[in-house]
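Taking it in order: structure first as structure tokens, then the write-up.
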Amino acid sequence: MLDKTYQPAAVEARRYALWEQSGAFACDPDGDKIPYTIMMPPPNVTGSLHIGHALNHTLQDVLVRYQRMRGRDVLWQPGTDHAGIATEIVVADQLRAQGQVKHDLGRERFVARVWEWKEQSGGAITRQLRRLGASPDWRRERFTMDPGLAAAVRRVFVQLFRQGLIYRDKRLVNWDPVMHTVISDLEVDNRETKGSLWHVRYPVVELPGRFIVVATTRPETMLGDTGVAVHPDDARYSDLVGKSVRLPLADRLIPIVGDEHADPETGSGAVKITPAHDFNDFEVGSRHSLPIINIFDQDARLNEAVPARYRGLDRFAARERVVADLSAAGLIDKVEDHTMMVPHHDRSGVVIEPWLTDQWYCNARVLAAPALAAVEDGRTRFVPRQWENTFFDWMRNIQPWCISRQLWWGHQIPAWYGPDGAVFVAETEEEAQQQAIARYGDGVELRRDPDVLDTWFSSALWPFSTLGWPDRTRELARYYPTDVLVTAFDIIFFWVARMMMMGLHFMGEVPFRIVYIHALVRDVRGQKMSKSRGNIFDPLELIDRYGCDSLRFTLAALAAPGRDIKLSESRVEGYRNFVTKLWNAARYAQMTGCAPAWDFDPANCRLTVNQWIVAAVSDCAAAVSAALDAYRFDEAASRLYHFVWGTFCDWYLEFTKPILQSAETAVRAETRAAVAWTLGRILHLLHPVMPFVTEEVWEHLAGSLGGMLITAPWPDFEHDPADPMAAAEMEWVVQAISAIRALRVEMNVPPGARVALLIRDAEPIARERIERHREHFVRLARVERLETVETLPPGGVQVVIDGATLILGLGEVVDLGRERERLGREIGKLDDELAKIAAKLSNPNFLAKARPEIVEEQHERQADAARDRDRLKAAYDRLGVV
């Protein structure tokens, strides 16, 4: 017998261990089932489970459990990412706490220290994924620094280099002047910062006494200016294009150029161009062949390219001195307070410096062309489809990919330099030596490139490197290309696009057929979660409080396409109540003797109520299957919720209570078997979303004969119901009783009061149904004296349903006049609320200042209030005819 209450903490660890020990998560490369493959986006080895992980891995797990039950050979490939910068920071912080820095150890000992940390602490995220119920094939877990994956990285680098698609170049990068490394755009955190906007007067050389005013938030970078740009159509400066200005403080002549980058509506309309320290300026400089002067060293201190007075100054100290000198020279036109977005490294917190430096690059434009074509011709499809436009926009404007990082932890670049600077790229040092001998005629000492590869480089190979490439393994042949990738929109470019580029280039096929893009999880007001706002949900804490199944069902139910998830703890609590409802229904079934009859055939049911539930289960299974096939997790969850709570618990179990207490052996036996069968089908359908409670209940329901639910077949039903009219009849009864209940609530009828049910204008089939189900009406609608009438009697309130008008005699239990007054007051309050909301939404000032989530919240309140008003108005109008 099931315990009185469900205790998730007591069930989840035990159930998970049984699944894992049974081999239920394992793929079968030698089997004859159709493969189904999902590549788990590898979380950082430094990471801990956050609510975004919980959503992403819940949706993946729903899919793999569903497909496993559908009879597919499922490979959900797990693993973790070495997370170069994040991991190096973690270990460097540990050293700092001991009074050391990484250079005290040297590269080899530092890397060994990182491996030691990884072995001790790197498994936290995978342990947490187990708590979420994730069911990947843990035997195949991979790490992006595993020897096999490292070999794949070297092979790809060498081949791309030999094909001319990897090369060295000097370009602007995002530079962290404290960690001394390039970082990717994804690691740049643009923070709103209050600063100043200095308007500086640059003297025009050819026109003495005339100045052009440029506005800048970074006056220290003017020492690297090589031009001033104005819009070619800006009449104010048309006579200045082609002339020169004398750069203040540096005493250099720089040209005035016409370029559309300059916005006539912003500031003075003239902008300084510093190609070495601004990404937009770099492009302008390239268009006009302007010199590129790098004024910073790797520490963001001013170098030898600036006047002696400023050399060696930190960039912020240099700013103060430059402003002071400009002011003393009378060249500051004005200074304004200015709020701006300043780029910071999201890991170190340091202000990022655009810096000109030599790095390794990958020709992303060439690699992007096949990936673009694959999406255009439908070989890979995005769900929802609108994300294809984002993909196209990024890929059609793709820039060279900087793939080198100045770190020690990661895949060291397989390139060696000879004494004359010649580069030898090879998979091993021995190979590089052979190349050097071919060049120099003898062996020479080679120096290996100290840089490592961008973490995204090795991640881009994940769909095939994890399957054994470059070896042609059976797993690679069977599981590539994969079926679906589940990920968030913010890494479409950084990861999804790069996997497509690499997969097509090295495998000749797309790495996945479907890319499902899920929403972001926000707080209940639609705001982004952050520590500063204090609105972060820890999924492990939610699991501790409400159980894993409650959280998983919440996330699935809210995963509507194209809409961010507004999460609240009350939602999770509400679905905990759903878990409890299922548990209590299963206990009720046990206590009433409802056990599986293994020879039970649902097609042979004779009772109308059982024929109805069989057909309803079939409809529910079809709807849930269709929803999951279409990645509509929200629709699948909604259909399951309403079927279990409504159709099964609130209606079917209530309809069958008298039967289960009946002395008629045959009908009782059929109904017990039907209840147990229906509960079993529910557990199967719910299992992908709520695996723990369903597996626990299934074991108690089916015993040893039932096997494990995780590997049970999915309930597909295509048989025709024994009596097609049974479903129509019971749905009509549900509709009629629901209408009576709603009317009682609207009219404030005391819950315990029994009222007369009068039937008017009833068609024959409606009268027959009411008579056959008289007991249900009396018990579930709390009515008495079912009578037929010709007219609406005094004190009667009516509701029209299909085929009949039902009248409740309320005159003796409700003061109808007072009730109508109450409804009028409630309607008035709603009218006032709707007017206030309408005024807000029509106010341009409100719309201009309010955050989008606040506007959306007002629209939702408006819709809710309008629905409530319509409902109350219908009740008010009904009382008007009494």
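Worth a mention:
- One residue stands out among those in segment 110-148 that are in contact with a Leu (Cβ under 7 Å, 6 or more places away or on another chain) and under 18 Å from Leu476 (Cβ atoms): the one that is least open to solvent (accessible area, probe 1.4 Å), which is Asp137.
- Residues that are open to solvent by less than 20 Å² (accessible area, probe 1.4 Å) and either under 25 Å from Asn363 (Cβ atoms) or of a type in the set (Ser, Thr, Tyr) (or both) within segment 480-497 comprise Tyr480, Pro481, Thr482, Leu485, Thr487, Ile492, Trp495, Val496, Ala497, listed in sequence order.
- Residues being without any contact (Cβ under 8 Å) to a residue 40 or more places away in the chain and buried (at least 22 other Cβ atoms within 10 Å of the Cβ) - total across segment 3-45: 0
- Scan of segment 347-371 for residues that are of a type in the set (Gly, Ala, Ser) and either closer than 17 Å to Ile413 by Cα or open to solvent by 10 Å² or more (accessible area, probe 1.4 Å) (or both), ordered by number: Ser348, Gly349, Ala369
- If you check Val200, Val182, Val156 for being open to solvent by less than 10 Å² (accessible area, probe 1.4 Å) and outside any strand (DSSP E or B), only one passes: Val156.
- Residue check for Arg474: touching a Pro at 6+ places or on another chain (Cβ under 6 Å) and either modelled with pLDDT under 95 or open to solvent by 60 Å² or more (accessible area, probe 1.4 Å) (or both): yes
This table checks each residue for (1) out of contact with any helix residue (DSSP H, G or I) (no Cβ under 7 Å at 6 or more places or on another chain); (2) buried (at least 17 other Cβ atoms within 10 Å of the Cβ).
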site	(1), (2)
Val799	no, yes
Asp802	no, no
Gly811	yes, no
Arg820	no, yes
Lys829	yes, no
Leu834	no, no
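- For Asp259, the criteria (1) crowded, with 16+ Cβ neighbours inside 10 Å; (2) closer than 22 Å to Val322 by Cα; (3) at pLDDT 95 or above; (4) not polar (S, T, N, Q) hold in every case but one, which is (2).
- Scanning segment 654-694 for residues that are open to solvent by less than 30 Å² (accessible area, probe 1.4 Å) and either charged (D, E, K, R) or farther than 30 Å from Tyr16 by Cβ (or both) returns Phe655, Thr656, Leu660, Ser662, Thr671, Ala673, Ala674.
- Qualifying strands (runs of 3 or more DSSP E) (wholly inside segment 470-568; at least 1 residues being closer than 30 Å to Phe392 by Cβ and among the hydroxyl-bearing types (Ser, Thr, Tyr)): 482-488, 512-518
- Taken as a whole, the condition of being over 29 Å from Arg741 (Cβ atoms) and out of contact with any strand residue (DSSP E or B) (no Cβ under 9 Å at 6 or more places or on another chain) does not apply to Glu635.
- Check on Ala10, part of a loop (DSSP other than H, G, I, E, B) and of a type in the set (Gly, Ala, Ser): no
- Yes/no for Val153 being closer than 23 Å to Pro42 by Cβ and β-branched (Val, Ile, Thr): yes
- The residue list Arg107, Arg131, Arg113 contains one member that is basic (Lys, Arg) and closer than 30 Å to Leu551 by Cα, which is Arg131.
- Residues that are touching a Lys or Arg at 6+ places or on another chain (Cβ under 7 Å), touching a residue at least 24 places away in the same chain (Cβ under 8 Å) and in a helix (DSSP H, G or I), drawn from segment 58-103: Thr58, Gly84, Ile85, Ala86, Ile89, Val91
- In this entry, Tyr631 passes the filter for residues that are surrounded by 15 or more Cβ atoms within 10 Å (Cβ to Cβ), part of a loop (DSSP other than H, G, I, E, B) and modelled with pLDDT of 95 or more.
- Residue count for segment 272-315 under the criterion of being open to solvent by 20 Å² or more (accessible area, probe 1.4 Å), under 38 Å from the mean Cα position of the chain (by Cα) and in contact (Cβ under 8 Å) with a residue 40 or more places away in the chain: the result is 5.
- Filter result for the condition that a residue is out of contact with any strand residue (DSSP E or B) (no Cβ under 8 Å at 6 or more places or on another chain), over 17 Å from Thr608 (Cα atoms) and in contact (Cβ under 8 Å) with a residue 40 or more places away in the chain, over Phe655, Phe692: Phe692
- Unique match (being open to solvent by less than 30 Å² (accessible area, probe 1.4 Å), under 30 Å from Ile51 (Cβ atoms), in contact with a Leu (Cβ under 6 Å, 6 or more places away or on another chain) and not small (Gly, Ala, Ser)) among Val579, Val624: Val624
- Restricting Leu2, Leu55 to residues that are assigned to a helix (DSSP H, G or I) and in contact with a helix residue (DSSP H, G or I) (Cβ under 8 Å, 6 or more places away or on another chain) narrows the list to Leu55.
The values are calculated or read from the model by the stated rules, or taken from the named source; none is laboratory data. The shown structure was predicted, so the numbers you read here are calculated from the model rather than taken from an experiment. When we count neighbours, we look across all protein chains shown, and the Cβ atoms used for this are built from the backbone with ideal geometry, even at glycine. In case anyone asks, the SASA skips ligands and DNA or RNA and just uses the protein heavy atoms, side chains included. Shrake-Rupley method; radii C 1.70, N 1.55, O 1.52, S 1.80 Å.
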